[in-house]
Each structure stands twice: as structure tokens, then as C-alpha cells.
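The next block holds one structure in the form of C-alpha cells; read it before the comments.
Laboratory data are not the source of any read-out in this text; all were calculated from the coordinates shown. Model, not experiment: these values are computed from the prediction. Glycine gets a Cβ as well: all are built from the backbone with ideal geometry, and neighbour counts include every protein chain shown.
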Amino acid sequence: MTLLGRESNGKAFLSQFHTFSCLLPYSPSTAGLKKQWCLEIVELIEHMWSQEPQDRPAISEVVGSLEEIYAKY
């Protein structure tokens, strides 16, 4: 599967994605991400980076979304 411009297995991808998304204390622009990642990933990132914590998905929702995206591609 290619989601980030390279082949990735599901478990490694989930781990890398979660680590990356949790390290950023702010919501940067996703413009650059749209060139490398599929639209579903960018939309999920934007949802995870909501300014209000209560608007962010639970990790179980994130994992479910990533599994659906992984299965699609």
C-alpha cells in the first residue's frame, strides 16, 4: 500500500501516523500534505488537529478510520 509516497505495512503505518500526529502542539497548514497523502488522510489529520480537544476523534476512531483507508488502498 502506498499512502505516504512509499510502501507501508498497516501496523507500522498506524504507529508512525499516531506518533507524528501527537507531536505537534498546533494545527499547521495541510497544503503540503495534500501533495503526498491521500485526501482521506489529510481530512483525518485536520480532524485530529481540531483546536478544541472535544472535537478531536478518540484514538479508537482514528484507528478505525486508518484501517478503512488502508483497506481501500
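The number of residues in segment 57-67 that are among the acidic types (Asp, Glu) and touching a helix residue (DSSP H, G or I) at 6+ places or on another chain (Cβ under 8 Å) comes to 1. Pairs needed: first member in segment 46-73, without any contact (Cβ under 8 Å) to a residue 24 or more places away in the chain; second member anywhere, of a type in the set (S, T, N, Q); C-beta distance under 8 Å; at least 6 residues apart or different chains. As it stands, the answer is GLU46/SER27; GLU46/THR30; SER50/SER27; ARG56/SER50; PRO57/SER65, since those pairs meet every condition given. Looking only at segment 30-61, count every residue that is in a helix (DSSP H, G or I), of a type outside the set (A, V, I, L, M, F, W, C) and under 19 Å from TYR73 (Cα atoms) and tell me the total. The number of residues fulfilling the criteria is 5.
Taken over segment 39-73, residues that are surrounded by fewer than 12 Cβ atoms within 10 Å (Cβ to Cβ) and within 20 Å of SER29 (Cα to Cα) amount to 5.
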